[in-house]
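Okay, structure first, notes after.
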Amino acid sequence: MENYLVMEDVTKIYNNGIIANDKVNFSARKGEIHAICGENGAGKTTLMKMLFGIEQPDEGKIIIKGKEMRLNSPTDAIKAGIGMVHQHFMQVPTLTVAENVTLGIEPTNGVVFDMEKAIKMTSECCEKYGFEINPKAHIQDLSVGVKQKVEIVKALVKGCEILILDEPTAVLTPQETKELFVQLKNLRDSGCTIIFISHKLNEVKELCDRVTVIKKGKTIGVWNIKDVTEADISRYMVGVDVDLDIPKKPAEPKENVLVVKDLTVYNEAGKKKVDGVSFSVRKGEIVGIAGVEGNGQREMIDAITGLSKYSYGSITLMGKEVKDMDIRGLRTNGLVHIPEDRNLYGCARSMSIRDNMIADKITDPKYNNGIFINEKAIKDDTDKWVDEFGVLCDDGDQLVGMLSGGNVQKVVVAREFTSYSELVVCDQPTRGIDVGAAEFVRERMVHMRDQGKAILLISADLAEIMSLSDSLIVMHGGKINAFFPDVKTLTEEDLGFYMLGVKHMSEEEIRGALHE
Amino acid sequence: MGVITEIFNTISRVVVLPSFYYMIFQSAAPILLAALAVAVAIKANAINMGIEGIMTVTSLVCVLVSSAVGGQPAGGPWLGLVVAIIVGGLLGFAVSVFAFRLKIDIILVGIAMNLIGTGASVLLMYVLTGDRTTTTSLSSGTLPQLAIPLLKDIPFLGEVLSGHYVLTYLAYILVFVMSFFLFKTKLGLRIRAVGENEEAAESVGISSLRIKTIALIISGVLGGIAGAFMSECYLAYFSSGLIAGRGFVGLAACNMGSGNPGIICLCCLAFGIFYAFSNFSTLSNLSIYALNALPYAVVLVGVVIYSVYMRKKELKRLQGLESEENLEHGQPAK
Amino acid sequence: MSEKKQTQGAIAKLFGGMDVESRFGLMRMAVAIAIGLGTAVILILVCAKNPAESLKFFFLGPLQIFNPNVPKGIGWNYFDQWIQSMIPLLFTGTAVAIMFSANKFNLGLEGAIMCGGLACGWVCCLLDGDIQAPNANPFLCAVIGLLVAMAAGALVTLIPALLEKKWGASIMVTSLMLNYISLYISRYCLFSTTLRDTRTSKYSWQWTEDVVLTFRKFMGTRFTLRLGLFIGIAVVIIGWAFLFKTKWGFKIRQLGQNPSFAKYVGVGIVSAGILVQVIGGAIGGLCGATVILGNYNYYYGVDLTGYGWDGVTMAIFAGNNPKRVLPAALFIAYIRAGASIMATQPGGPINELTKIVEGVIVLFLLAEKFLAKTHRKMIVEEAKRKQALKAVTGEEVAK
């Protein structure tokens, strides 16, 4: 059925004055998987929030099955047959799967919650669509993949006919992604309309029937997926071809800055997450770390950057053992760090750009006289950095929380790259920011390398890691599975094999990472 | 050395008295009611710190209503209780309005509530009775004490368990009622869901605002009962320092029991033991002031012990999760 | 005419220099205070036997020194009450503002004040007491008293801080309990130890007139200038400079805004968190000591003072900025003094009235949704103004 769901000239202006959606048009047919693509901040999530009744459009119409609807709350949306799987799971950890699934439509016996019936409803729905979930399990005990299935069942059990998935594969392993796609295709074949929001164009190409591209809050167009290539979609999304060929000279590595030897890290619950890892990073090179998420990279980086402690082995920075150093000590010895989660670690949103940029340097004699801070020096320098790093803002006194993601990241980068540094740890430095800002950040990284800094790059973006790194380490199961001294010789396919543990390098080859 | 001997002597003198045990149950009751009030709200992730103020206002309201209709002979205390429940519910609703509709930090709403509650009750008392400290000039009476048939005839046990005020029994019955309500009913499930993950509840069409408001109204109602206990059971009048931090102790007891009525009840009884003990200070040469501090110290220690226990439990859960993950995915490949 | 324009221009400039948030904050403050005072007026009209008289005393009581009809001495008496009730507010407001800036909800200030007063009283009794005590230098005695009080106060807030650090026990709950423990410790010391003066009806031994004179200068019969006022103002200024002008204050604010961020940029978050609470407690202890030395020549601490809660009210009035503690203290102390003057008049309502007024103002000051429409309008206007400005400068660049 054509125009099963229509969103017509939908406009949304947020309280802070940002126009998230500007006369966006979107329509979906019954029984299709329809992708919505767009850069971060293009307005995809806002559009879906309006469809699910979390936000209300300022202008425009939402028409479902030919009937115009006013969706004032998720309840309205659920009644209209819409279900949504959010990026962050909407689950109550201490409750059981059955309780979570039936929440909102609880079966009751008088005023008493009917657990038996809830379990029956859940397992019936699971059987119908082929999900394997134990309804009595508690959510907090489940893996991410299963949690996501619970999320989908939650929508299905309420009789949803339009299912919105907001970047569902971001948290999944390749295995789980594959499984998810099979189930989504089954759902489509049983008549469900699926709206699939994603950055990953190969997934869009593989899974979807049609694609709508949104750019800067406006609809660019709708295409049948077989009529467009990934490169086309990407071009529609950003206007210019994504070109990751970063101009960079061959690396000239010098002496070791960071040496990690036999590093073993146990997590809070006593599980071994990093298992005897050894490598080094030298002045003037970018060492990339690739790997499927959850293979020990997180714990290793936390240990190197001092966010957590490690149990065995040694990490030396500029020849000094860091085990007993706090973060202050690490920073004094030349560590700077672009954290993965910029809103949690990277900035204080309710403080000014100035305060954020100076945050790690406040103890520097240049900015304080032992007791009082030197406001003039801070103002002069931060103004300079705002210019240098192209932070789009009114002035340095603006709160960081008012900036867009890309500009927040520029503030983070400006702070880190202007501090005394020998080792630069970049953890997902371009995740979730616009192409322009990402390009800028990458250029600055190369610039830092050419200045003789040692750079450790962790990124889930394979294109980024392959084009930026001089040498590359692949982690799998808490160990180094492969080391490529020269990334140029490496193909993406091969990298995938090592990341998934299909292929393994010999001890000999891996030891090369230590540069001894 | 002498102090320790004296402590043991006092204990040995006190534990044989049935009135000591009677006192435990009696003194734990208002704290239990306050703690249950806080618990309902806390399960919906709303810290009702205004409980102290709600108890203050409702305990005065009881007395005023009761004396207005003619005191004990006219059944005034019962009407007072009913009005206290209504006023408590309204005040709970007021907390929710300020916290969720006007978006004020709920702890600060509670603090403001206590401020206004104390001010308003003393002002009201002064305007209506001309007295600034107590309402002893009014004859408001107390709620009846119940002699339980059969039980009251059992020696010792009868003295301990029978003859309590009606609200004392209600407090302990409410432990079961609230357990059932929170863990077995639909509304209880929704309250817990909202408390733990508000977004999740919203996403399936549950209005968290509504659920939290309901939770706070129930909290206010229980606070009203607690207030009524203070001025119609504990004493037969209202005075300006009547509540004396019992709401806060309830808050602490609730914190220790992490909102679970059964554990809360045990915590309150523990407080009751030490409170009752300090009330028997006449049987001892120990300083009454040191004994008075004891219940609060016990709560403090209890909160710490509970925190340690919860940390260990959480760690254990994490370990369990990890080992399951290992089973699921198999050992990492070499 | 031109003068008027000039003034208007100056005002516009003054406000134009402020960003939208500060302007809105100021406006909201004014409206909240108006509502609070409106509440007071209504309550007085309802409760007072002679409303006109009561209102006059409530609003003008503390200013009776300027009233030629009131005898000079009595006028000073009123004024004295205002200044006197301001002193503890300066301390507690600064203490809570600093603790809240680091997002530490330590409510143990009340206990810190109790213990501070107790410790100071005890020191003075030991050094300069009237029972078999050596007569130390009174100035030295007062100074040592204040220092010991700070240490005692710091200890009271340190305990919940450490309990949270070590075992994760809720600061709010443990600090509330410590307040009551402090109260009973104070009573215990007063009634069951050698601190008690068994000769007179006073509570503890008395300390000598010299110590009293160090702390109080009697200006005539009705007005007493207390050293506490100047200590309080100093605490406000030092507190502000500490929080906004020093590197430690910067770190503390970082911690309050985002603890993960603070950890990541290398702030020792555990020690910074404990530090603010110790500072808060020390100021509390100082407050307790100042109140004791400023008002009595013996220790008297059998009830909770309520100053700890005042601190929360003050911090909210001041928006966690010690700079604004002074005007906030002037205001709250004024209405309190006004109310208690009113209460002394026959038929006047009682001073608990101010608690209602304060509570109402607190609620309206904090309510995010209150005046939200006006706020939004101001933001939109500001955005438009900026856009217009940008367009103009853009054109200039294009030219």
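The values are calculated or read from the model by the stated rules, or taken from the named source; none is laboratory data. If you're wondering where the values come from, they're calculated on a predicted model, not measured in any experiment. Backbone-built Cβ (ideal geometry, glycine too); neighbour counts: all protein chains shown.
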Q. For C:LEU162, are the conditions met, namely being hydrophobic (A, V, I, L, M, F, W, C), within 12 Å of chain B (Cβ to nearest Cβ) and surrounded by 22 or more Cβ atoms within 10 Å (Cβ to Cβ)?
A. no
Q: Need at least 2 residues that are over 22 Å from A:LEU317 (Cβ atoms) and of a type in the set (D, E, K, R) per element, so show me which helices (runs of 4 or more DSSP H) inside segment A:401-501 make the cut, counting only ones lying wholly within it.
A: A:435-450, A:492-499
Q) Any residue at all in segment C:35-51 that is among the small types (Gly, Ala, Ser), modelled with pLDDT of 85 or more and crowded, with 21+ Cβ neighbours inside 10 Å? A) yes
Q. Only one of (1) within 20 Å of A:GLU422 (Cα to Cα); (2) small (Gly, Ala, Ser); (3) surrounded by 15 or more Cβ atoms within 10 Å (Cβ to Cβ); (4) not assigned by TED's automatic domain parsing to the domain that holds A:GLY405 is not met by A:SER314, so which one is it?
A. (3)
Q | The listed residue being away from chain B (no Cβ under 14 Å), in contact with an Asp or Glu (Cβ under 6 Å, 6 or more places away or on another chain) and crowded, with 21+ Cβ neighbours inside 10 Å, out of A:ILE62, A:ILE33 | A | A:ILE33
(Q) Residues that are more than 25 Å from the chain's Cα centre (by Cα) and among the aromatic types (Phe, Trp, Tyr), at least 1 per element: which helices (runs of 4 or more DSSP H) completely within segment A:86-163 meet that? (A) A:115-129
**Q.** Scan of segment C:170-219 for residues that are among the charged types (D, E, K, R) and surrounded by 20 or more Cβ atoms within 10 Å (Cβ to Cβ), ordered by number
**A.** C:ARG187
Q) Does C:ILE335 meet the test of being touching a Gly at 6+ places or on another chain (Cβ under 6 Å), closer than 30 Å to B:ASP131 by Cβ, part of a helix (DSSP H, G or I) and of a type in the set (A, V, I, L, M)? A) no
Q) Residue check, B:TYR306 against (1) aromatic (Phe, Trp, Tyr); (2) under 20 Å from the mean Cα position of the chain (by Cα); (3) more than 25 Å from B:SER219 (Cβ to Cβ), all met but one. Which one? A) (3)
Q | Conditions (1) away from chain C (no Cβ under 11 Å); (2) in a loop (DSSP other than H, G, I, E, B): number failed by A:GLY370 | A | (1)
Q) What is the number of the single condition among (1) within 24 Å of C:LEU304 (Cβ to Cβ); (2) in contact (Cβ under 8 Å) with a residue 40 or more places away in the chain that B:SER287 does not meet? A) (2)
Q.
With the requirement that a residue be within 15 Å of A:GLU8 (Cα to Cα) and among the β-branched types (Val, Ile, Thr), what does segment A:26-66 give you?
A. A:THR46, A:ILE62, A:ILE63, A:ILE64
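This table checks each residue for (1) polar (S, T, N, Q); (2) touching a Lys or Arg at 6+ places or on another chain (Cβ under 8 Å); (3) surrounded by 24 or more Cβ atoms within 10 Å (Cβ to Cβ); (4) not in a helix (DSSP H, G or I).
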residue: B:PHE20; (1), (2), (3), (4): no, no, no, no
residue: B:LEU33; (1), (2), (3), (4): no, no, yes, no
residue: B:ILE47; (1), (2), (3), (4): no, no, no, yes
residue: B:VAL57; (1), (2), (3), (4): no, no, yes, no
Q: Among residues belonging to segment A:65-80 that are part of a loop (DSSP other than H, G, I, E, B) and surrounded by fewer than 18 Cβ atoms within 10 Å (Cβ to Cβ), point out the one that is nearest to the other protein chains (Cβ to nearest Cβ).
A: A:SER73
Q) Which pairs do you get when a residue that is under 13 Å from B:ALA28 (Cβ atoms), found in segment B:158-171, comes within reach of a residue that is modelled with pLDDT under 85 and outside any helix (DSSP H, G or I), reach meaning Cβ atoms under 6 angstrom, with the pair 6+ apart or on two chains? A) B:TYR165/B:GLN145
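Yes/no matrix, rows are residues, columns are (1) more than 22 Å from B:VAL249 (Cβ to Cβ); (2) within 26 Å of the chain's Cα centre (by Cα); (3) within 8 Å of another protein chain (Cβ to nearest Cβ):
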position	(1), (2), (3)
C:ASN137	yes, no, no
C:ILE144	yes, yes, no
C:GLY153	yes, yes, no
C:SER170	no, yes, yes
Q. When C:MET114 is evaluated against the numbered criteria (1) within 13 Å of chain B (Cβ to nearest Cβ); (2) surrounded by fewer than 24 Cβ atoms within 10 Å (Cβ to Cβ); (3) assigned to a helix (DSSP H, G or I), which criterion, by number, is the only one it fails?
A. (2)
Q.
Give me the helices (runs of 4 or more DSSP H) completely within segment C:202-270, filtered to those with at least 2 residues that are away from chain A (no Cβ under 11 Å) and small (Gly, Ala, Ser), ordered by residue number.
A. C:227-245
Q) Which one of these is part of a helix (DSSP H, G or I), buried (at least 19 other Cβ atoms within 10 Å of the Cβ) and away from chain C (no Cβ under 14 Å): B:VAL65, B:VAL95? A) B:VAL65
Q: For segment A:333-347, name all the residues that are within 10 Å of chain C (Cβ to nearest Cβ), of a type in the set (A, V, I, L, M, F, W, C) and touching a Ser or Thr at 6+ places or on another chain (Cβ under 6 Å).
A: A:LEU344
Q. If you go through segment C:102-111, how many residues are touching a Gly at 6+ places or on another chain (Cβ under 8 Å) and not in a helix (DSSP H, G or I)?
A. 6
Q) When only residues in segment A:317-332 that are within 11 Å of another protein chain (Cβ to nearest Cβ) and over 28 Å from the mean Cα position of the chain (by Cα) count, which is surrounded by the fewest Cβ atoms within 10 Å (Cβ to Cβ)? A) A:THR332
Q: For segment A:348-360, name all the residues that are crowded, with 21+ Cβ neighbours inside 10 Å and more than 7 Å from every other protein chain (Cβ to nearest Cβ).
A: A:ILE353, A:ARG354, A:ASP355, A:ASN356, A:MET357, A:ILE358
